[in-house]
Amino acid sequence: MKSSTIRFIVVLATISILGISITQIYWVKRAFGLKEAEFDRQVNTALFNVAAQIFSLNNTPSPANNPVKQISTNYYVVMVNGEIDASLLEFLLRSEFEKRNIQADFEYGIYDCTHEKMVYGNYVKLSDKVSKREQNPNLPKWVNAGYYFGVQFPNREAQILNQMGIWSFSSAVLLIVIIFFGYTLFIILKQKRLSEIQKDFINNMTHEFKTPISTIAVSTEVLKDSSIVQQPERLMQYATIIENENKRLKQHVERVLQMASLDKEDVGLKKEIINLHDVIEDVVNSMLVALNEKDGTIQLHLNALSPEIKADRHHLTNVIFNLVDNAIKYCSGKPVITITTAQQPGGIMLTIQDNGIGISEENKKRIFQKFYRVPTGNIHDVKGFGLGLYYVKQIVEAHRGRITVNSQPGNGCTFTLELPTP
């Protein structure tokens, strides 16, 4: 699938999800507002009926104005110019609320207008058949004193939300759809990226195998000439070319097989006690030819007091070889490489520093990914599959170690390996 098609699908799907989400939010808010208005209406009606019953019991004429006032979203005040019995008030409130399916817990208080203080209050949990307050037979009597009672619903919003069952369900379904969409989008983009990486890998691998195969084919044609037997030096030259190109092919095959074994989590480390300094010196010696071709130098500062570690010699040699090889390849001038070891608590720190082209901050986050190759700018002769640093990281971590990189474009790279000691 083309990148433009994928982008179009992603944009269209995102706009659709946003549109559905905005519509859902609008209707949920509207439904909540309607439920809120209905709740307020039911509470006002219930409190008005309570006040009317108290006026009737106290033989007090009902006021001309509505005695119920809503002070805030969840607080109501009822003016009653007569005696209020706390037990009776609670009974009436419970009864009226149950009639209108108001299931929210509430608290009420009786206020003395003369002394401007609350003289009684209680919290009522509707799930309890009987209030948990202690019954006091000696409740005070407020004769000839004006007072009112107030009712507050601390969990008013929760009560309203409980009545919005279908809207809560639809919102939960929409949330699941959005999460599923996000996950699907992530998988699509990941698969697209993997497809591009694999395509690049196949192109690189084809090129890497094509060059030595072509060289071997040309050398073979030359060797078919019977007259070459009369030229032993030329015969040796082409035989050596075939041998070298065969080694290159073997290295490529081994590299791919190494990645296959890493994917199966079957690294197969054969750990033994080895001297890290000896391994470093062996790698440096094997790289002298490539280093001399570019007029480069390697400086060794092997300062670790106890360089013995328990590791797989073969894989650890490959790790150091890969890092030194990259330092040589990714240098536009004369390579200057510094290898340093230092003792640290519980292990050895190995640092490989170069003066190469460096790595940008964006690429630093991706260099250890499989098949990823850092763009080399004007350097076009750097070959590879993008497997080297991925292999390095996997092997270091298989040894319970850690690798980090510090680099700036144009200022080279510093790879730091922390390897545990036995």
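The values are calculated or read from the model by the stated rules, or taken from the named source; none is laboratory data. Computed from a predicted structure; not experimentally measured. Here the Cβ is made from the backbone with ideal geometry for all residues, glycine too, and neighbour counts use every protein chain on show.
Every residue, every condition in (1) without any contact (Cβ under 8 Å) to a residue 24 or more places away in the chain; (2) in contact with a helix residue (DSSP H, G or I) (Cβ under 8 Å, 6 or more places away or on another chain), yes or no:
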site: 4; (1), (2): yes, no
site: 11; (1), (2): yes, no
site: 17; (1), (2): no, yes
site: 21; (1), (2): no, yes
site: 25; (1), (2): yes, no
site: 28; (1), (2): no, yes
site: 31; (1), (2): no, yes
site: 42; (1), (2): no, no
site: 53; (1), (2): no, yes
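Please specify each residue of segment 295-325 satisfying the condition of being of a type in the set (A, V, I, L, M) and not in a helix (DSSP H, G or I).
Hits for segment 295-325 are 298, 300, 302, 304, 305, 309, 311.
From the list 48, 97, 106, the lone residue that is farther than 30 Å from residue 176 by Cβ, surrounded by fewer than 19 Cβ atoms within 10 Å (Cβ to Cβ) and modelled with pLDDT of 85 or more is 48. Residue pairs whose Cβ atoms lie under 6 Å apart, separated by 6 or more positions or on different chains, with the first residue in segment 68-96 and outside the structural domain of residue 54 (by TED's automatic domain parsing) and the second surrounded by fewer than 19 Cβ atoms within 10 Å (Cβ to Cβ), do not occur. On inspection, residue 234 does not qualify as at pLDDT below 75 and of a type in the set (Lys, Arg).
When segment 365-398 is filtered for residues that are outside any helix (DSSP H, G or I), of a type in the set (Val, Ile, Thr) and modelled with pLDDT of 60 or more, the ones remaining, listed by number, are 367, 374. The condition of being at pLDDT below 90, in a helix (DSSP H, G or I) and surrounded by fewer than 11 Cβ atoms within 10 Å (Cβ to Cβ) holds for only one of 244, 292, that being 292. Pick from segment 149-165 the residues that are touching a helix residue (DSSP H, G or I) at 6+ places or on another chain (Cβ under 9 Å), part of a helix (DSSP H, G or I) and under 30 Å from residue 18 (Cβ atoms): which of them is modelled with the highest pLDDT? Here the answer is 157. Scanning segment 263-279 for residues that are part of a helix (DSSP H, G or I) and either at pLDDT below 90 or not assigned by TED's automatic domain parsing to the domain that holds residue 347 (or both) yields a total of 1. Within this structure, residue 350 passes the test of being within 16 Å of residue 392 (Cβ to Cβ), in contact with a strand residue (DSSP E or B) (Cβ under 8 Å, 6 or more places away or on another chain) and either in a loop (DSSP other than H, G, I, E, B) or touching a residue at least 40 places away in the same chain (Cβ under 8 Å) (or both). Counting the residues of segment 221-238 that are assigned to a helix (DSSP H, G or I) and either over 60 Å from the mean Cα position of the chain (by Cα) or exposed (fewer than 12 other Cβ atoms within 10 Å of the Cβ) (or both) gives 11.
Of the residues examined, residue 146 is not one that is exposed (fewer than 13 other Cβ atoms within 10 Å of the Cβ) and modelled with pLDDT under 80.
The residues of segment 112-126 that are at pLDDT below 80 and either surrounded by 14 or more Cβ atoms within 10 Å (Cβ to Cβ) or closer than 18 Å to residue 54 by Cα (or both), listed by number, are 112, 113, 119, 120, 121, 126. A single member of 22, 54, 15 is buried (at least 16 other Cβ atoms within 10 Å of the Cβ), assigned to a helix (DSSP H, G or I) and of a type in the set (A, V, I, L, M, F, W, C), and it is 54.
Taking the listed residues 278, 312, the one that is charged (D, E, K, R) and surrounded by fewer than 15 Cβ atoms within 10 Å (Cβ to Cβ) is 278, with no other qualifying.
Residues that are part of a helix (DSSP H, G or I), polar (S, T, N, Q) and surrounded by 13 or more Cβ atoms within 10 Å (Cβ to Cβ) are absent from segment 64-80.
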